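Contents: one structure, followed by commentary.
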Amino acid sequence: MSTLSAEQATELGDQFSKMGDEIRDYYLGNFDALSHEERDTMSKQMMEMWSMSSSMYTLSAVLVLDDLDASLQQIRGIQAEIGSTLKNLANVQKAIDITGAAVALAAALLSKDPKAIGTSMEGLAGKIADAKTA
Amino acid sequence: MGKRKIGILGLIWMMLAMASCTNLRHVSDFSGSAKKGLASFESLGYGFEKSCLDKCFEQSSQKLELNPTCPCQQEAKADSATFVIYQALSAYLDGLNRLSANETARYNTKALTDQVASGSFGGITFSPEQATAYINIGNIIGNAISNGYRKNKVRQYVTEADPSFQELIRFLEFTLSRNLKGILRNETSMSQVTYFQLYRDPSLSTFEKRQVANEYFARKRTLEQYGKEIDIYVQMLAKIGVGHRELAENIDQWSLADLKSQLSILSGDLEELYGYYKKLQP
């Protein structure tokens, strides 16, 4: 059973299901002509067929994972890379924050306004400290 | 700054605006719709374990047994396996959506631009036109750099991921449309026979038979509802697969109007299917 593939298990599920359906069609079509024993036997048989069929479908759903191991690993790897890229984008935001603070300092220096220079220098120092602690 | 400088600023602004038109909107829209459609998985009314428990409770009810032991471990395992595939697809689409969304890389230069706009730098005063041009350039430079970076990353990831993405979509479709639908079909057949037997039981009165018939019709409707949910969900999966393939195959032609149009149609189809799906929800 361990060498059964997901597709094969599903195929078996289909076959058992069809057998159950065939017994059901006969059972319902000839119900009045059947003895109690025959009804009981056929009822048990078709329920057993559908039950086995469902077990095969369930087994297939579990086996699917074995067939997909490589794909799952790859897609998870790519997803992790996307996460890391998004982190880098957050770092670009920090770089832009720093650049923005530097531009503000340059504008303040050009204005020769000591108060604006002081504020801008503090702003730049703050942004650099933020980036280092992140 | 004189009029000439404003003119130069305007020209630079236009050039940068054109350069930054790396429009990832179609990727973002598609991955957003795909993510939403895919997430309907979590509201599917039917599952492997549920089918097992339904069957177990129905049999216990017939035997008038109030404390049944339902061995459904294998079915729970099948649900987990299916969920693992769903989760991998969902996490990937979420990453792709965030990477292609404009909000991710729209850098906040508000603190700086507020200062510029207010002309608060001592001797330097900015006219509203100058301030606007300055602010726009700041934003566009930031977005142009990041858009180029994002474009390359999106191209790389979508192309690399497509074969695995298609395989996972195909197996999720397979598990739901063949295995889960198969179990649902079996449960419907079992239910039909069980209610038929009750209906033909000579010990039941006409009133009781009518109750049995009503119960059967209600059960049949519920099972049909589950079937429709699965069918629509599988259709959504197929659209998601086609959309991703379109994206991967045409990703080097970013300006291609056909790709955007195709993805837009697929996003529309997905939204429509999602609407049908939501209507089916109880």
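What does the structure give for B:267-278 when I average, per residue, the other chain Cβ atoms found within 10 Å of the residue Cβ?
Taking the mean over all residues of the peptide, I get 0.
Could you state how much accessible area is buried at the A-B interface, both sides summed, with a 1.4 Å probe, in Å² to the nearest 100?
The buried area between A and B, both sides summed, comes to about 5000 Å².
Using a 10 Å cut-off on Cβ to Cβ distances, tally the other chain neighbours for every residue of A:24-30 and report the average as a whole number.
2
Please report the accessible area of residue A:56 (heavy atoms, 1.4 Å probe, ligands and nucleic acids excluded) in Å², nearest 10.
Rounded to the nearest 10, that gives 30 Å².
Taking 25 Å as R0, compute the FRET efficiency from the Cβ-Cβ separation of residue A:41 and residue B:228 and round it to 0.05.
0.10
Setting aside same-chain residues fewer than 8 positions from residue B:228, which aspartates and glutamates have a Cα under 16 Å from its Cα?
Residue B:228 reaches B:42, B:173, B:187, B:272.
Using a 1.4 angstrom probe, figure out how much accessible area region A:20-64 has per residue, in square angstrom, rounded to the nearest whole.
Details: 2270 Å² over 45 residues.
Result: 50 Å² of accessible area for each residue.
Within region B:30-69, name every residue whose backbone N is under 18 Å away from a label modeled 7 Å from Cα of residue B:201 along the Cβ vector.
Counting backbone N atoms under 18 Å from the label point, the list is B:55-67.
Taking θ = phi - 60°, what integer Hz values does the Karplus form 6.51 cos²θ - 1.76 cosθ + 1.60 yield along region A:49-62, in sequence order, with x for Gly and Pro?
So the Karplus estimates, Gly and Pro as x, are 4, 5, 5, 5, 4, 4, 5, 5, 4, 5, 4, 4, 4, 6 Hz.
Whenever you get a sec, compute what percent of the accessible area on region A:1-67 sits on carbon and sulfur atoms (1.4 Å probe).
Values: 1910 of 3610 Å².
Whole-percent figure for carbon plus sulfur exposure: 53.
Just reorder B:242, B:27, B:234 by solvent-accessible area, largest first, 1.4 Å probe, all chains present.
Correct descending sequence by accessible area is B:242, B:234, B:27.
Counting every Cα pair in region A:1-67, what percent are over 15 Å apart? If you can, show how the numbers build up before the last one.
Details: 1198 of 2211 pairs.
Counting every Cα pair in region A:1-67, those more than 15 Å apart make up 54 percent.
When the Karplus curve 6.51 cos²θ - 1.76 cosθ + 1.60 is applied with θ = phi - 60°, which whole-Hz ³J(HN,Hα) does each residue of region A:65-73 get, with x for Gly and Pro?
4, 4, 5, 9, 3, 5, 5, 5, 4
Take each of the peptides B:82-94, B:206-218, average the number of other beta-carbon atoms within 10 Å over its residues, and list them starting from the highest.
B:82-94, B:206-218
Of the listed pairs B:55/B:279; A:18/B:50; A:44/B:278; B:50/B:153; A:44/B:279, which have alpha-carbon separations greater than 32 Å here?
From B:55/B:279; A:18/B:50; A:44/B:278; B:50/B:153; A:44/B:279, over 32 Å: A:44/B:278; B:50/B:153; A:44/B:279.
Can you work out the FRET efficiency for the pair residue B:250 and residue A:31, with r the C-beta to C-beta distance and R0 = 60 Å, to the nearest 0.05?
That pair, residue B:250 with residue A:31, gives E of 0.50.
The values are calculated or read from the model by the stated rules, or taken from the named source; none is laboratory data. Everything numeric here is computed off the predicted structure, so don't read it as measured data. A quick note on method: Cβ atoms are made from the backbone with ideal geometry, for glycine too, and the neighbour counts reach across all protein chains shown. We work out accessible area using only protein heavy atoms, side chains counted, and drop any ligands, DNA or RNA first. Shrake-Rupley method; radii C 1.70, N 1.55, O 1.52, S 1.80 Å.
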